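Before any comments, here is the structure.
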Amino acid sequence: MANLKAIKRRPRWYNKIGYWLQHGDRIWKALLFLSSLLIVSLVVWIAWRLWYQSTLSRHQFGWAFISPWVPSSWNPALDKFQAWPSIYGSLITSVIALILAIPFSLGIAIFLAELAPAYARPPLNYMIEMLAAVPSVVYGLWGIYVFLPLIVVPIGEVIAKTAGQIPGLTTFFGGPMPVSGLSRFGAALILTIMITPTITAVSRDVLLAIPQSQREASLALGATQWETIWNVLIPYGLSGILGAVILGFGRAIGETMAVTMVIGNTTGGGYSILKPGYTMASIIANEFAEAVSDLHASALIEIGVVLFVTTLLLNAIARWLVWNVNHRTMGR
Amino acid sequence: MQNTLPIKMEIQELSVFYKSFRALNKVTMPVYEHKVTAIIGPSGCGKSTLLRSLNRMTDLVPGALIEGKVLLDGEDIYDPKKDVVDVRRRVGMVFQHPNPFPMSIYDNVAFGPRLYGLKKRAFLDELVEKSLRSAALWDEVKDKLHQSGMALSGGQQQRLCIARAIAIEPEVILMDEPASALDPVATLRIEELIFQLKERFSIVIVTHNMQQAARVSDYTTFLLMNEERAGELIEFNVTTTLFTRPKDKRTEDYITGRFG
């Protein structure tokens, strides 16, 4: 009761202002609205600057800049630029990384969330999170000195000798594998290792968030643990797992440092994954500091535009997929 | 009268431990075939533990330990040689909160049959319809079988879970407070359903609600915690007898609302 009296004794103007501000709620609302506005304007600003600064290149090369059907040449000395090889490099390394990382990560996630004995979970979880936190330059260094010669080169040689010999597949798997191991394949494998912890950690959390009642319902129908995981838990968490995969893809396509260190950095190289190449992110990182001519800088910025649009498109597709899954399974 | 009835399950001296804590102390009772057996008692007296030990859902709790026997048609379900998958196929379960799977109504009902290898479309169609009819849900969902089961109302979801449980033709159905999360109308529908289902199945139902036990069950078990907080069976009898002429003073106190 004492408190109530204190409120009544406040001056009239104080109460009026308090009423008008809804006791601070309005201030908070305005602050939060401003911060979300900041995000939107940041995206718009980046997009606009990229678009504006790539004008020179866009006018010079037009759609041919990103076309796969134009003979590609990237020659700063002659001021000739064409982006397809680096676009291809980004897509092929990220897609291979995803294909390899998804089953691997999902397996670890299922093990960590459903099967691992209680005492094994904390150390394993800790290590997964550690792996996700290793700086990419460290992955790059380790890649050059350990991973490429020890693992990538032998596997690459096997691929060149097997799939590379099959007529239709030579384009994509043709050798020989570079002795150094610097190649799109090397970059793809490094990316696999880099995105596995991300996909694992997120899908593990998705699985752990599934209500126990779902497991009980399935087991009570006489399902085995595996049937429960495969038929109930994976469908239940599908939209979340898709989100994890997209997060991994975003990380793979935007990864710069480690890829630059192991991909070989050349703009030729045809389509074979065993050849060195470039990705969009790595060509920007590698050449921007040395871009002397305005057209060179502008072309690199246009690659930035392409990267930006690609990620936006991927995100849109991902959103649609998640919505679709949710609609089908959860009815919302 | 009791001696002539066929016994479906027999619980003998059953104790359940969670690590060192004794949750249930030497419970002995029968489950009669094609009858509804209710388990009542105050919160924490081990009702759910008793129910869950009847299809080995207690296996899921780390550190749970069983003593005594649970006979299903004379065979101990805790026999190490017994296949838990087979036990759960024969003893189905409906949970307190409706838990349909995140898939279509049809797939929810067909889930169990598909586990057992039934894939033929025509057969599944028929089975799904039959199960949904038995669960008094068919008329409400027949036009939207391929919409998500999670989009149904709470009462419909619970009847979907019942349809899912009976689609594999179990012999016993365990119900863990199946109506406690539902509104009165939906509760009434579930109770009517239980009345119909006992023609085909033996039913064990845990309920907080004594009126519900009196309405739906043929037999009633009353559990109570002892001094060590372990659940003990106080009285088992024909429902009408237990509610009108309880033998034990504690049963009388409970059903007249003196505690709990």
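What order do you get for A:193-204, B:130-141 when each peptide is scored by the mean count of other beta carbon atoms within 10 Å, highest first?
Peptide ranking by packing, descending: A:193-204, B:130-141.
Averaged over the residues of B:148-156, the number of partner chain Cβ atoms lying within 10 Å of the residue Cβ comes to 2. Dipole size of the protein assembly as shown about its Cα centre, with +1 on Lys/Arg Cβ and -1 on Asp/Glu Cβ: approximately 1620 debye, rounded to the nearest 20.
What is the calculated FRET efficiency for residue A:165 to residue A:141, with r their C-beta to C-beta distance and R₀ = 41 Å, to the nearest 0.05? Let's see the in-between values first.
Values: r = 34 Å, r/R0 = 0.82.
So, using R0 = 41 Å, E works out to roughly 0.75.
Taking the Cα of residue A:78, stepping 7 Å toward and past its beta carbon, and measuring to each backbone N in region A:280-320: which are under 16 Å? Those under the cut-off are A:296.
Take every DSSP beta bridge whose two residues both sit in chain B; close to 60 percent of them are antiparallel.
Using a 10 Å cut-off around each Cβ of peptide A:311-322, what is the average number of partner chain Cβ atoms that fall inside? Show your work: numbers first, answer last.
Numbers: counts 0, 0, 0, 0, 0, 0, 0, 0, 0, 0, 0, 0.
Neighbouring Cβ atoms belonging to other protein chains average 0 per residue here.
Screening chain A for whole DSSP H helices with an alpha carbon extent of at least 27 angstrom along the helix axis and a mean Kyte-Doolittle hydropathy of at least 1.0 yields A:25-53, A:84-110, A:184-208, A:234-254. Magnitude of the charge dipole for region A:54-330, about its Cα centre and with charges confined to Cβ atoms of Lys, Arg (+1) and Asp, Glu (-1), is about 340 debye. Would you mind telling me the antiparallel percentage of the DSSP bridges in the protein assembly as shown, rounded to 5? The answer is about 60 percent antiparallel. For A:51, A:74, A:323, the sequence from fewest to most other C-beta atoms within 10 Å is A:323, A:51, A:74.
How crowded by other chains is B:110-118, given as the mean number of beta carbons from other chains within 10 Å of each beta carbon? Each step should come with its number before you reach the end.
Working: counts 0, 7, 5, 1, 3, 8, 3, 0, 0.
So the per-residue partner count for this stretch is 3.
Other residues whose C-beta falls under 15 angstrom from the C-beta of residue A:265 contribute a net charge of -1, scoring Lys and Arg +1 and Asp and Glu -1. Counted residue by residue at 0.36 nm each, then reduced by the alpha carbon distance between them, the extension gain from residue B:228 to residue B:43 reaches 65.1 nm. Considering only A:323, A:154, A:65, whose Cα is most displaced toward the positive end of the charge dipole of region A:54-330, charges sitting on Cβ of Lys, Arg (+1) and Asp, Glu (-1)? It is A:323.
Taking other Cβ within 10 Å of each residue's Cβ, how do B:29, A:261 sort, fewest first?
On the way: B:29 18, A:261 23.
Neighbour counts put them in this order, fewest first: B:29, A:261.
Go ahead and estimate [θ] at 222 nm for chain B from helices alone: -39,500 (n - 2.57) per DSSP H run with n ≥ 4, summed, over the residue count, rounded to 500. Each step should come with its number before you reach the end.
Working: 10 runs with 89 residues, N = 260.
It lands at -9500 deg cm²/dmol.
Putting +1 on Lys and Arg Cβ atoms and -1 on Asp and Glu Cβ atoms, find which of A:208, A:31, A:238 reaches farthest to the positive end of the dipole of chain A. Positive-most Cα among the choices belongs to A:31. Evaluating 6.51 cos²θ - 1.76 cosθ + 1.60 at θ = phi - 60° for every residue in region B:246-254, the Karplus couplings come out as x, 7, 9, 4, 5, 4, 4, 4, 5 Hz, glycine and proline recorded as x. With a Förster radius of 35 Å applied to the C-beta separation of residue B:67 and residue B:118, the computed FRET efficiency comes to 0.40.
Placing pseudo-labels 7 Å out from each Cα toward the beta carbon at residue B:248 and residue A:119 gives an inter-label distance of 4.1 nm. When chain B is treated as a Gaussian network with alpha carbon springs shorter than 10 Å, the biggest mean-square fluctuation among B:199, B:126, B:232 belongs to B:126.
A cut-off under 13 angstrom between Cβ atoms defines the neighbours of residue B:43, and their net charge, with Lys, Arg +1 and Asp, Glu -1, is +1. Counting only alpha carbon atoms, the long axis of helix B:154-166 and the longest principal axis of chain B meet at about 90°. Dividing the summed helix terms, -39500 (n - 2.57) for each DSSP H run of n ≥ 4, by the number of residues in chain A produces a 222 nm estimate of -21500 deg cm²/dmol to the nearest 500.
Applying 0.36 nm per residue to the separation of residue A:311 and residue A:212 and subtracting their alpha-carbon distance, the gain on full extension is 32.1 nm.
Among A:257, A:130, A:280, the largest mean-square fluctuation in a Gaussian network model of chain A, built with springs joining Cα atoms closer than 10 Å, belongs to A:130. With a Förster radius of 51 Å applied to the beta-carbon distance between residue A:111 and residue B:188, the computed FRET efficiency rounds to 0.65.
A Gaussian network model of chain A, with springs between Cα atoms under 10 Å, assigns the largest mean-square fluctuation among A:272, A:67, A:90 to A:67. Amide H contacts for residue B:104 (H built 1.01 Å from N in the peptide plane; partners 5 or more residues away or on another chain; cut-off under 5 Å): B:149. The ranking of A:142, A:28 by Cβ neighbour count inside 10 Å, starting from the fewest, reads A:28, A:142. Distance from the Cα centroid of region A:20-40 to that of region A:175-222 is 39 Å (rounded to whole angstrom). In order along region B:191-202, the phi-based Karplus estimate (6.51 cos²θ - 1.76 cosθ + 1.60, θ = phi - 60°) of 3J(HN,Hα) comes to 5, 4, 5, 4, 4, 6, 5, 5, 5, 10, 10, 8 Hz; Gly and Pro are listed as x.
Read the figures in this text as sums done on the coordinates, not as results from a lab. All values reported here derive from a predicted model rather than from experimental measurement. Note: ideal-geometry Cβ built from the backbone for every residue, glycine included; neighbour counts use all protein chains shown.
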